[in-house]
Every structure is written in structure tokens, then in C-alpha cells.
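Since the structure comes first, as C-alpha cells, the remarks are kept for the end.
The values are calculated or read from the model by the stated rules, or taken from the named source; none is laboratory data. The structure presented is a predicted model; accordingly, all values stated were derived computationally and were not measured. Note that we place each Cβ from the backbone using ideal geometry, even for glycine, and neighbour counts take in every protein chain shown.
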Amino acid sequence: MTVVGRVCFLACATMVWCNLVSVGENPPPINLIFIGNPGVGKSSLLNQLHNKVAFAAGVKIGAGLTTQTAVAPSFTYHGREVRLIDTPGLADSQMREQASEQITQGLQRGDDYKMVFVVNERSGRVVDEDRTTVRLVLESIQGIDLRNNYAIIVNKVDEDVMPRLEAEFQTFTSLLMKDFPYSTGQVLLLPQDSRLKNKDNVVLPANDALTEKLVKFLALVPPVHIPTEAAKPIAHEKWSEIHNKMAEGTNQAMEFLKQMMDSVSSRLEKSEDKNTALLQELMAAQRENANEKTQMMLQLMESQRENAEYMERMRAKQAERDREMQAKQAERDREMQSQQAARDQEMRLQQSQRDHEMNQMMMSLHERAAQQSANSRSVESTTDGKR
Ligand SMILES: Nc1nc2c(ncn2[C@@H]2O[C@H](COP(=O)(O)OP(=O)(O)OP(=O)(O)O)[C@@H](O)[C@H]2O)c(=O)[nH]1
Ligand SMILES: [Mg+2]
């Protein structure tokens with residue numbers, strides 16, 4: 001990256017980091033301090049913000065790599081000075097005393113701080129060493145309300161764990177902050193980056209997604225003023241005792257969560273059983289209802305069938321009656337016809353009888369007339385003869 005590019009990046013980053021601070025005539029510097037156990041990735045992340053290797057970062061077997069609190073060459077923007085401060089980890093028992101002094105030294109610069117704790121996760125579980133370090137450092141700052149005034153970065157989150165951590169973010173953060181003197185809503189999950197894994201002094205491009213995510217997150221962390229006298233020595237000698245308590249606290253909280261989950265799931269199971277029973281009842285009622293309906297339908301169909309049969313019988317009877325009536329009528333017609341024929345026959349007989357009688361009468365009249373005419377002719381001829 002060119003010098004101009006780097007200055008632009010730093011200028012942008014500074015502008016974002018400063019955006020929540022009122023900038024007066026002589027605004028105080030902002031100390032961006034990263035605190036956390038050895039190997040969590042503090043120096044690496046600060047190098048990404050600085051966009052160059054300002055702090056040695058890498059693999060160190062058995063101990064912390066950073067042993068001294070170090071401040072990157074500060075830069076200003078709009079008159080506001082920004083300092084990146086790297087600190088050693090407390091979990092390394094060999095250098096705990098020195099590390100705690102170094103951290104306190106880093107916190108005693110006065111002015112404003114954006115205090116960032118860097119921690120890791122272990123297969124989705126909180127790391128009690130990290131919890132111990134955060135608690136001891138928070139407890140060392142006295143007389144200042146740090147609630148929501150510091151940030152936690154959960155760094156190097158495994159890619160398989162990330163979705164589950166995101167899904168159970170509340171549970172994870174409440175376990176993480178259990179027994180802290182102050183909790184915070186400023187928590188960032190940063191994914192493990194294969195480009196950094198077990199590497200030394202890697203600096204990603206300025207506009208890399210990881211760096212951008214980091215810058216955006218840090219912009220929203222409110223700066224808090226920590227006067228020099230407020231940062232008291234860290235009770236490093238209590239580290240093991242506090243660590244045991246934190247581990248016990250985590251176990252209790254996990255146990256409590258497990259019981260809660262068990263009770264929730266048993267309640268869910270019960271309510272599921274209840275729901276299943278209700279569903280079965282409902283289905284039985286529906287079946288009964290359906291049976292009743294079927295019965296009614298069957299009855300209806302039966303009565304329709306009976307009606308149809310009755311109608312059929314009625315129609316058959318009617319047809320039978322019609323046929324009988326027709327047969328009787330035909331019989332009557334035949335009788336009347338034969339009576340009429342008999343009457344006609346008789347009338348014809350009577351007529352022919354009368355005709356015969358009439359003929360007889362006419363013939364006898366003719367005969368009589370012929371007789372009379374013959375008689376008159378014989379009278380005439382007799383008369384004529386006499387004359
Ligand atoms: N995979 C992966 N590795 C990382 C990441 N951040 C840092 N590392 C690696 O983790 C190792 C330790 O990182 P450092 O930045 O030196 O850790 P530190 O917290 O400064 O450790 P100390 O200086 O010992 O306190 C290095 O090899 C880094 O490259 C990350 O996001 N993903
Ligand atoms: Mg380091």
C-alpha cells in the first residue's frame with residue numbers, strides 16, 4: 001500500500017473512531033488499548049488497524065509474544081491524536097506480574113480510552129482464562145462506571161462454530177460476562193481467518209472485509225475517560241483463585257442453563273404431549289362427527305332409496321291400474337260393439353222382414369189391382385156385348 005493510501009486509511013479510521021467524541025479546541029487523544037491473554041490475536045488485529053506491522057505478532061511456544069505494553073506511532077486527524085496500545089497477556093503465569101504492571105501502565109496514560117478486550121472461544125464455550133483476565137483488569141479500574149463503556153472481541157471464531165454462536169449470542173455473552181463487575185453490549189464475533197492462522201506479522205489489505213468490520217465495530221465503542229489515578233494495580237496474585245471461581249461460575253451457569261434447557265424441553269415435551277392428546281381428541285371428535293355425518297348421510301340415502309322404491313311401487317300400481325282400466329274399457333267397448341252389431345243385425349232382420357212383408361203387400365195389391373182390372377175389363381166386355 002502506498003504512503004498516501006495508508007494515510008487515507010488511517011484518516012478514515014481515525015474519523016470513524018473519533019465520531020462519538022466531542023472534539024473541542026484541544027481534544028484529548030484517544031487510546032485504543034487491546035487487552036487479552038497470550039495468542040488471542042491482539043497484536044495481529046492492531047496491525048490490521050495500523051495497516052502495517054507495528055507490533056510483533058505470531059506464534060510463540062509456551063509464552064506470550066508481547067511482553068511489554070507498546071504504543072504504535074500515533075497519528076492525528078482533525079487535531080485528534082489516536083494511539084494504538086498493545087499489551088501482554090495475563091494468563092502466562094511466568095510473566096503475570098510483569099504483564100499486569102505493563103497493562104496498568106497502558107491504562108495510566110490518562111485521557112480517553114477505547115478499551116477492547118480480545119478473547120477466544122473453545123468449541124463454542126467461553127474460555128475461563130480470558131474471563132479471569134477481563135474481570136481482574138475491569139476490577140483494577142476504580143471509580144468509573146464502565147458499564148457498556150468497553151468492548152469485547154471474540155477473535156478467531158471457528159467457521160463451524162460461528163453460526164451456532166450467532167444463534168446463541170445472548171447465552172454465550174451472558175456466560176462470558178458472568179461475575180464481571182460491569183457488562184457490555186459491545187461484543188464482536190470475528191471469524192477465524194486462514195490468512196492469519198499461525199502466521200507471523202501478516203497484514204491484510206487495508207480494505208479487507210475483516211479490517212472494515214473491525215473499524216466499523218470500534219467506531220461504535222464509546223470512549224471513556226480514565227484518569228491516571230483510577231487505574232489501580234491489577235490483583236495478579238489472585239489470578240489462580242479468581243480463575244478457579246470463574247471456572248466454577250461457568251460450570252454453575254452451564255449447569256443452570258442445562259437445567260433450564262432440560263426444564264424447558266420437558267415443559268415443551270409435556271406441552272407437546274398435551275397438544276398431541278388434544279389433537280388426538282380433536283381428531284376423534286372429528287371422526288365421531290364424520291361418523292355422525294356418515295350415519296346421517298346413510299340414513300338420508302336409505303330414506304331416499306325407500307322413497308324411490310315407494311315411488312316405483314306407486315308407479316307400478318298406477319300402471320297396473322291403468323292397464324286394468326284399459327282392459328275393462330276394451331272389454332266394455334267390445335261388448336258395446338257386439339251389442340250394437342247384434343242390434344244392427346236385428347234391425348237389418350226386422351227391416352228385411354218389413355221389406356218382405358211390404359213386398360208381399362205390394363204383390364198382393366198388384367195382384368188385387370190386376371184382379372180388379374181384369375174384373376173391370378170383363379164387366380166392360382160384358383156390357384159392350386150387351387149393348
Ligand atoms: N486463524 C486466525 N489466526 C489469527 C487471527 N488473528 C491472529 N491470528 C494468529 O494468532 C497468532 C497469535 O496472534 P497474536 O496477534 O500474536 O496474538 P497476541 O494476542 O498478540 O498474543 P501475545 O502477544 O502472545 O499476547 C498469530 O499467528 C496470528 O497470525 C485470526 O483472526 N485468525
Ligand atoms: Mg501480541
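Some points to look at:
- Answer residue from segment 73-115, given it is closer than 16 Å to Pro29 by Cα and β-branched (Val, Ile, Thr) and is farthest from the chain's Cα centre (by Cα) among those: Thr76
- All positions within segment 39-64 that are under 23 Å from Arg135 (Cβ atoms), near ligand 2 (Cβ under 9 Å from one of its atoms) and part of a loop (DSSP other than H, G, I, E, B): Gly39, Val40, Gly41, Gly64
- Residue in segment 26-36 that is at pLDDT below 50, closer than 23 Å to Arg109 by Cα and in contact with a His (Cβ under 8 Å, 6 or more places away or on another chain) present: no
- Residue within segment 166-189 that is in contact (Cβ under 8 Å) with a residue 12 or more places away in the chain and within 14 Å of ligand 1 (Cβ to nearest atom) present: yes
- When we screen Thr250, Thr276 for residues that are touching a residue at least 60 places away in the same chain (Cβ under 8 Å), among the polar types (S, T, N, Q), surrounded by 10 or more Cβ atoms within 10 Å (Cβ to Cβ) and not assigned by TED's automatic domain parsing to the domain that holds Gly41, the only hit is Thr250.
- Residues in segment 72-109 that are in contact with a Gly (Cβ under 9 Å, 6 or more places away or on another chain) and free of Cβ contacts under 8 Å to residues at least 40 places away in the same chain were compared, and the one that is farthest from ligand 2 (Cβ to nearest atom) is Gln94.
- Test result for Val82, within 28 Å of Lys258 (Cα to Cα) and aliphatic (A, V, I, L, M): no
- When Leu196 is tested against (1) within 14 Å of ligand 1 (Cβ to nearest atom); (2) crowded, with 19+ Cβ neighbours inside 10 Å; (3) over 39 Å from the mean Cα position of the chain (by Cα), exactly one condition is not met: (3).
- Which numbered condition Gln142 misses (of (1) crowded, with 21+ Cβ neighbours inside 10 Å; (2) in contact (Cβ under 8 Å) with a residue 40 or more places away in the chain): (1)
- The helices (runs of 4 or more DSSP H) found entirely in segment 120-235 that carry 1 or more residues being charged (D, E, K, R) and closer than 29 Å to Ala56 by Cβ are 128-140, 209-219.
- Test: residue in segment 27-38 that is within 14 Å of ligand 2 (Cβ to nearest atom), free of Cβ contacts under 8 Å to residues at least 24 places away in the same chain and either of a type in the set (Lys, Arg) or buried (at least 24 other Cβ atoms within 10 Å of the Cβ) (or both): no
- Taking segment 208-219 as the range and being exposed (fewer than 15 other Cβ atoms within 10 Å of the Cβ) and either at pLDDT below 90 or among the acidic types (Asp, Glu) (or both) as the test, only Glu212 passes.
- The residue pairs whose first member lies in segment 45-58 and is outside the structural domain of Lys216 (by TED's automatic domain parsing), whose second member is part of a loop (DSSP other than H, G, I, E, B) and more than 9 Å from ligand 2 (Cβ to nearest atom), and whose beta carbons are closer than 6 Å, counting only pairs six or more residues apart or on different chains, do not exist in this structure.
- So Arg131, is it among the basic types (Lys, Arg), touching a strand residue (DSSP E or B) at 6+ places or on another chain (Cβ under 9 Å) and modelled with pLDDT under 95: no
- Test: residue in segment 250-267 that is under 30 Å from Leu107 (Cβ atoms), over 35 Å from the mean Cα position of the chain (by Cα), at pLDDT 90 or above and part of a helix (DSSP H, G or I): no
- So Glu229, is it within 17 Å of Val137 (Cα to Cα), exposed (fewer than 11 other Cβ atoms within 10 Å of the Cβ) and not hydroxyl-bearing (Ser, Thr, Tyr): yes
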